[in-house]
Each structure stands twice: as C-alpha cells, then as structure tokens.
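Here's the structure, in structure tokens; my notes come after.
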Amino acid sequence: MDLADIGVTGLATMGRNLARNLARHGYAVAVHNRTHSRTQQLVKEFGGEGTFVPSEDLAGFVASLKRPRRAIIMVKAGAGTDAVIDQLAALMEPGDMIVDGGNAHYADTRRREAALRERGLHFVGTGISGGEEGALLGPSIMPGGSAESWEALGPILQDISAKVDGVPCCVHVGPDGAGHFVKMVHNGIEYSDMQLIAESYDLLRQALGVTPSELAGVFREWNKGDLDSYLIEITAEVLEQVDAETGRPFVDIVVDQAEQKGTGRWTVQSALDLGVPVTGIAEATFARALSGHPEQRAAAASLAGPDLSGVDGRELVEDVRQALYASKIVAYAQGFDQMAAASREYGWDLDLGAMATIWRGGCIIRAKFLDRIRAAYDADPHLPTLLADPTFAGALAAAQESWRRVVTTAVRIGVPTPGFSSALAYYDGLRRDRLPASLVQGLRDYFGAHTYRRVDKEGAFHVDWSGDRAERPA
Ligand SMILES: NC(=O)c1ccc[n+]([C@@H]2O[C@H](COP(=O)([O-])OP(=O)(O)OC[C@H]3O[C@@H](n4cnc5c(N)ncnc54)[C@H](OP(=O)(O)O)[C@@H]3O)[C@@H](O)[C@H]2O)c1
C-alpha cells in the first residue's frame, strides 16, 4: 500500500474540506473519523478529487502515514481533542507531528505541546480561519509549534492556504501556543469589526428611517473605498436579503440575540491578564451578552429615552463611514497590542507585520486595510501603537470630527454605539498629555498606602494621610 503524505482525523465540515483541499493539491491524504460512515461518505462523494487513504480505526490511520508522520486533528475542541491526542500519541513515534487545527484555547495548546515534547513528538496548534469554504478553497493558516515541525509542515500548509498577490496566507507564527493565540485575537477582532458594522447599520436606520435594502447600497458603496473588506461586502448581501415567507427584510425576522462560541470572551480574558485595553473587542463581546438577556430587555423596554427627531441626514452617512473606519483602526491597534504583549510574555518573537499579511486572504477579517497595517510594521517593526503610524494618524485626524459628531448624535437620540464611543474614548485617552490616573494613584495611596511615583524624581513615595500629611520615601 502507498503511504499517505499527511492525514486528517475528524471529518465533519472543516476536516472533510481540509482533506479535500489537500487531495486537490496532489497530496495523498489519510482520512479517519470516529464514526466511520463519515469517512466512507467522503471517499464516496469526493474520492475522484485526489488520493484518499481511508482507515476505520486510528491504528490503521497512523500506519497509513509516511514517516515522520503528519496528522491533523479536526475534531470538536475540548475534551474530544485531548482524547484524540492521547490515542494518536500512543501510536506515534518520536519525530512525528500532531497538528490540532481546531479552535483550541492557546493555554491548552501550550500544555499539550509541552507534554508531547517530553515524549519526542511535535505538537502544532494551528489556527485555521475561513470557515467551511476557506478550508476547501484556501484558508488563512496560523501554525504554532517547533521550527523543526514547520520545516516538514510549512510547505504543505502554505500550498493549501489562500494566496494574495501570490503570497501564501500562512507563516510559522511562533512556538507552542502562538498560532492558537493569534487565531483567538483574529476572532476577537472579527467580533469588533461586526459590532462596528452593526452600530453603523443601526444608527443610520434609526436616525434616517431608511430601509435595510437602501443601507445595502450604502455598504456596497463603502466597500469601494478604505473599508473594502469581506465583512462589509457580505453586510450588503445580508441587508438586501428579503424573507421569502413574509416579504419582510431578512434582518427583521432574525431573533436579535447574538450568539458566541467563546473566542471573543477568551480574547478579553487574556487581555485582562496581559493588561492590554482591548476595549473594542470587550464592548463587542458585552454587546452580544446584552442582546442575549430578553427578560432584562423586556423589563427595561419602557424606560425613558430621548426624542428621535432632529437629525441632519445629509452628513450622517459620511460621518458614520468615517467613524467606522476610525473605530476599526483603534480595534486593530488594540488587537495588535495584545499580540505584542503576549509575544513578550511568552517569548514568541511574533512578527506583527506577518500576522497582517496572513490575514489578507482566506479569513473572515480579510481586507485591503491589512496591507496598510503591514506597511506600518514594515516601516517600523517596533511601533508602540498603530495609531502612531503616520498613515493611520492622518486617517484618524481626518475622521475625528465626524467620529465625534456620530457619537454625540447617537447619545442624543439614544442609539447605543458602545464600539464607536469606547474607541473614541481610547483615542482621546491615549493622546492625552496627563491622565486622571494621577488622582487614582493618590486615592490608592490614601486608603491603602499603595505608594506613588513622582513626575520630578525617582523612587516610590507615601503620604502619611492620617497623620501629619507629609510625604516620605516608601
Ligand atoms: N466550522 C467552522 O467554521 C470552523 C472554523 C475554524 C475552526 N473550526 C474548528 O475546527 C474543528 C472542527 O470543526 P467542525 O465544525 O468541522 O466540527 P465539530 O462539529 O466541531 O466537531 C465534529 C467532529 O468532531 C468529532 N469528535 C467529537 N468528539 C470526538 C471525540 N471524543 N473523539 C473523536 N472524535 C470526536 C466528530 O466525530 P463523529 O463524526 O464521530 O461525531 C466530528 O468529526 C473545531 O475545533 C472547530 O472549532 C471550525
């Protein structure tokens, strides 16, 4: 029997399409699924697309792989992943590679990588973005793991990834959990992008009284400029959709409670640990949470609100476009800060410009905008914040008047825009010469003797607040 170049175990939507993508690129692919009928179905339906080597059990699957073995796991994230890793590891030999392409938490990936390294196995936690279609036609791929595993896996993963201007949307992100961390932040940014789009839609619809299909035209127009991206493109499609059964706009027949699988929450939790203010992602995650409390919303429905009248519609569309772009710059700047902080914390040595490069195609947040982020890091790899890049600083300066008008209009007419507002507060906070954090430090010293530093000399100090109120070195 000819041995397979690479294997995929877990043949639900993602695994099946990834296996087909590999086969279409000429690799002989070992395939396995816990429930064998899925494997049979794949070979029956798509066997003509390339070489598949099916196995009924994991032992057969491992035996059908060339050495060093390369096995990709695409099973439900969580306990299932641990179970499959344990079974595979028991069958593998030193030098073999186990790739987890599921949405694992990066801390789990770090733990699994360390455990398998002890046994001489490579564990490669890999972010894969692009959903079902991306897996088949070319996803954005974010592999972590050792440099040695990248040598054996990199060419295959780059081959099957999306390409933009001929450049693969796949690089070796960094060791252990780096790939899954970057995928997590990608998803967090995706939350933020969608929230800002939703706020734009909501504010324009409420303020101007226009229909979703009219707004589809606005988004289509926006997609020709700075905002050109997959999410803006599909927003126009969704807004234009009409429900066949009722003839109503599709957005009006969908229950307005946004769900989440948890990557937004993970991003915010990690940001809290790292001390990075990812306010855009946090607001997006909380906005979903707010939408998911119908009992509270019903109880609050009769609370007083302002009069909706008195909006000047002429400027609002362009103002919202500017606010969306400026807030998006802030959200990405925060996400990139989080990756930089994790890179320092875990010693990953992340190349931030390369992260922007591999998100240009295949994934959900793909956008022209990412070229500008890459250019910013090309110009200065140690940029303290993307907001300081001259191109982005210029865009923010050009947008800020519109941005302020949008936030004040939203506040005045009572339309919640937590994404726009918090992004503007972040922008205003970061650019301030002095922040009221000095008062916070004073209060902390007063009640808890937490000490403070002075602007004019080194060292830590404490005031004897309950005594003579004199300052003493701490
Ligand atoms: N769907 C997406 O757009 C997307 C995008 C990026 C990443 N991902 C990630 O990719 C992975 C696969 O996603 P998916 O949507 O294709 O599948 P899924 O619905 O998350 O998982 C179903 C697959 O997992 C297997 N499985 C579950 N528990 C198992 C266990 N204990 N032992 C062995 N196999 C087990 C199932 O086998 P049986 O057939 O035997 O039940 C089936 O093959 C997930 O981690 C997901 O988060 C998904």
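The values are calculated or read from the model by the stated rules, or taken from the named source; none is laboratory data. Here the structure is a predicted model, which means the values were calculated and not measured. Backbone-built Cβ (ideal geometry, glycine too); neighbour counts: all protein chains shown. To get the accessible areas, we keep the full protein, side chains included, count just its heavy atoms, and leave off ligands, DNA and RNA. Shrake-Rupley method; radii C 1.70, N 1.55, O 1.52, S 1.80 Å.
So the values come out like this:
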{"item": "Computed FRET value (nearest 0.05) for residue 37 with residue 303, which takes r as the C-beta separation and R₀ as 60 Å", "result": "0.65"}
{"item": "Linear extension gain, residue 454 paired with residue 12, 0.36 nm per residue minus alpha-carbon span", "result": "153.2 nm"}
{"item": "Heavy atoms of residue 92 accessible to a 1.4 Å probe, total area in Å² rounded to 10", "result": "20 Å²"}
{"item": "Total charge dipole magnitude, the range 6-172, about the Cα centre, Cβ charges on Lys, Arg, Asp, Glu only, Debye to nearest 20", "result": "140 debye"}
{"item": "Rounded FRET efficiency, nearest 0.05, which uses the C-beta distance separating residue 349 from residue 290 and R0 of 35 Å", "result": "0.35"}
{"item": "Local electrostatic count at residue 138 - Lys and Arg +1, Asp and Glu -1, tallied over other residues with Cβ under 13 Å", "result": "+2"}
{"item": "Peptide ranges 397-404, 178-185, 59-66 listed from the most packed, as the mean C-beta count within 10 angstrom indicates", "result": "178-185, 59-66, 397-404"}
{"item": "Helical contribution to [θ] at 222 nm, DSSP H n ≥ 4, -39,500 (n - 2.57), averaged over the chain, rounded to 500", "result": "-18000 deg cm²/dmol"}
{"item": "Listed peptides 5-12, 338-345 by packing density, highest first (mean Cβ within 10 Å)", "result": "5-12, 338-345"}
{"item": "Computed lengthening from residue 404 to residue 466, 0.36 nm per intervening residue step minus Cα-Cα distance", "result": "18.0 nm"}
{"item": "Per residue, the convex hull volume that the Cα atoms of the range 6-172 enclose (Å³)", "result": "97 Å³"}
{"item": "Segment residue 443-residue 221, length gained on full extension (0.36 nm per residue, minus Cα span)", "result": "74.9 nm"}
{"item": "Accessible area expressed per residue, the range 6-172, with surrounding protein chains retained (probe 1.4 Å, Å²)", "result": "40 Å²"}
{"item": "Intensity falloff of the chain expressed as log10 I(q)/I(0), Debye formula with alpha-carbon point scatterers, at q = 0.10, 0.13 Å⁻¹", "result": "-0.84, -1.20"}
{"item": "Packing-based ranking, highest mean first, of 204-213, 29-38 given that Cβ atoms within 10 Å are counted", "result": "29-38, 204-213"}
{"item": "Neighbourhood charge, 13 Å Cβ-Cβ cut-off, centred on residue 408 and excluding it, Lys, Arg +1 and Asp, Glu -1", "result": "-1"}
{"item": "Accessible surface of the chain, 1.4 Å probe, proportion on carbon and sulfur as whole %", "result": "52 percent"}
{"item": "Share of Cα-Cα pairs in the range 183-431 lying beyond 24 Å, as whole percent", "result": "47 percent"}
{"item": "Counting DSSP beta bridges with both ends in the range 6-172, the antiparallel % (nearest 5)", "result": "25 percent"}
{"item": "Share antiparallel - DSSP beta bridges, the chain, percent rounded to 5", "result": "40 percent"}
{"item": "Size of charge dipole - the range 77-159 - debye, nearest 20, with Cβ of Lys, Arg +1 and Asp, Glu -1, no other charges", "result": "240 debye"}
{"item": "Taking all pairs of distinct alpha-carbon atoms in the range 350-468, Kirkwood radius in angstrom", "result": "18.2 Å"}
